[in-house]
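Have a look at the structure below, then the notes.
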Amino acid sequence: MTTADLLFTGGPAFTVDAARTRATAVAVKDGRILAVGHDLDELRGPGTEVVDLAGRLLIPGFQDAHVHAVFGGVEMGECDLTGTTDLDEYLSRVAAYAAAHPDQEWITGSGWSMESFPGGVPTKELLDRVVPDRPVYLTNRDHHGAWVNSFALARAGLTRDTPDPADGVINRDAGGHPAGALQEGAVTLVNHLIPKTTPAELVAGLRRSQDLLHSLGITGWQDAMLRGSNGYPDPADAYLTAAREGWLTASVTGALWWDRDRGGEQIPELVAHRAQLTHGRLRCSTVKIMQDGVAENFTAAMTAPYLDACGCPTPNSGLSFVEPTALNGYVTELDALGFQVHFHALGDRAVREALDAIEAARGKNGFRDTRPHLAHLQVVHPADINRFRRLGATANLQPLWAAHEPQMDELTIPFLGVERAGWQYPFGDLLRAGATLAAGSDWPVSSPNPIEGIHVAVNRSAPGEDDGRVFLPAQRLDLGTALAAYTAGSAYVNHRDDSGSIRTGNVADLVVLDRDPFDGPAAEISATKVAMTFVGGTAVYRS
């Protein structure tokens, strides 16, 4: 008689099937789910490991549909400015890091928030106070801008006569001189001088990030930038090393970066990369197209101009990094070759351009099982909501951003205007329109903890916030839907059809939470912790 290798008893287990059913017992054999039910004691044998859930919730493993795992792991070893918005704390950390690394040519790090500075723009003089004798380069928390000191600007030769690049902005002082902040493509004017991250550092970053993500219940993800650009190192070989050496325990879908300075001539290279970078738990059948920037620095592509501080329209409607007609052709060709396309689409014009490209591909190629998805979706025009379902385009949500915070209230809403500000992160509208929802973190832009993202998706307020303000409450999701987006929805995006739900035959990627969050008030969802994470029935994390 067959006996289980692993048996969960004492439920509940949230299966994330179509009916959202629950079980009290789950059996695992040879890395897959053997049975799901309520009394599976007949599958218990002398070698069976038994986990008594004792009322804790068993769920499918979380999958992050948009993350930069290797970069996050590398940044864990650099100057870390996350977790605070206090300027003095930033400077103290930079000074301490510089003192602890006296032989390091460049001081690098990330995590500062635009809300910490007037107008969201930091200045070089602040960094000059603490590090006057070495170049400093610090990316902000959304990684669309950088803060640099005078030494770095001089090293790069940036002056008042340096023009802005086509895809970026050099912030300037009243005299036209570089102020110390760089936006979007302008970061490459400096960061190309930073010593390249070594292969060993990238591998170490992947090890750190995999351990962290497993501790948060994440068993697989889609890395949104392989064969990277904008000065970022390429994490592809780190993944390939981990896959070949057998220590890549997560299932990873790598999204190959579309070089926006080139055209269709790069497609044969992407086909070659797909073949080279598919090994074991690693598959690279996705192409990432970054269609616009972010709202806070006015580079997200909008259908109408941004407003100025007085509420009047400006000449600026943001940037479309790939010309829309060309985009249609590229996406159609990629779709015909079996590539999934993963769009960065944050403004409503970028969302529309991405949907137009998918529509062009569907019209030429028919409906292929390529599962295109649009990430971020900060502003979606109401006229485009229903197109997600109609075109089979998955809405890839980063829920942590859908809350009142200074970056939203001070640097975004006033420059969008009342009507357009009400179109932000329309999770509820997309759900009601029948769109498929997936979810991710964009870590290291924001916390990789899925439970925190689920908390915000359900509450539309940040964990720990008790001021009573809810950000567009009609767009809240119920807990079951939010949890499904992080499991079954992301599994769908990642073409992992044998994961994301607890059903017989599926891979036993499973997570034990320390409680059943359905039993408590929504305001306490974020208090939930991960107790155990299993990949293929093998424990990769125990609290």
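Coordinate-derived values only; no laboratory data. Quick caveat: nothing in here was measured; it's all calculated off a predicted structure. Using ideal geometry, Cβ is built from the backbone for each residue, glycine included, and neighbour counts are taken over all protein chains shown.
In terms of Cα to Cα distance under 14 Å, which aspartates and glutamates are near enough to Lys529, apart from those fewer than 8 places away along the same chain?
Straight-distance partners of Lys529: Glu452, Asp514, Asp516.
If you take every DSSP beta bridge fully contained in the chain, what fraction is antiparallel? Give it as a percent rounded to 5.
In the chain, approximately 45 percent of DSSP beta bridges are antiparallel ones.
Rounded to the nearest 0.05, what FRET efficiency do Asn316 and Arg244 give with R0 = 45 Å and r taken as the Cβ-Cβ distance? Could you check?
0.45
Once you charge only the Cβ atoms, +1 for Lys and Arg and -1 for Asp and Glu, what is the size of the charge dipole of the chain about its Cα centre, to the nearest 20 debye?
My answer is approximately 1240 debye.
Show that you can apply the helix-only estimate: for the chain, add -39,500 (n - 2.57) for every DSSP H stretch of four or more residues, divide by all residues, and state [θ] at 222 nm to the nearest 500.
-7500 deg cm²/dmol
Among the lysines, which have Cα under 28 Å from the Cα of Lys196 when same-chain residues fewer than 8 positions away are ignored?
Lys124, Lys288
In nanometres, what is the gap between the two model label sites at Ala99 and Ala272, each 7 Å from Cα along Cα-to-Cβ?
My value for the distance between the label points is 5.0 nm.
When only alpha-carbon atoms count, how far does region 43-173 stretch along each of its three principal axes, as whole angstroms with the largest first?
Principal extents (largest minus smallest coordinate, Cα): 75, 36, 25 Å.
Which three numbers, in whole Å and largest first, are the semi-axes of the equivalent ellipsoid of region 408-543 derived from its Cα gyration tensor as √(5λ)?
29, 18, 13
Run the quick spin-label model on Asp88 and Asp467: label points 7 Å from Cα toward the beta carbon, then report their separation in nm to one decimal.
Between Asp88 and Asp467, the simple spin-label model gives 2.2 nm.
Hey, if you put +1 on the Cβ of every Lys and Arg and -1 on every Asp and Glu Cβ in the chain, which of Ala383, Val507, Ile413 ends up farthest toward the positive end of that dipole?
So the residue we want is Val507.
Extent of the chain along each principal axis, from alpha carbon coordinates, in Å, largest to smallest?
Its Cα atoms span 81, 55, 52 Å along the three principal axes.
Residues of region 470-502 with amide nitrogen under 13 Å from the 7 Å Cα-to-Cβ point of Thr21?
Inside the label zone: 502.
What does the highest-first list of 318-330, 180-192, 469-481 look like by mean Cβ count within 10 Å?
180-192, 318-330, 469-481
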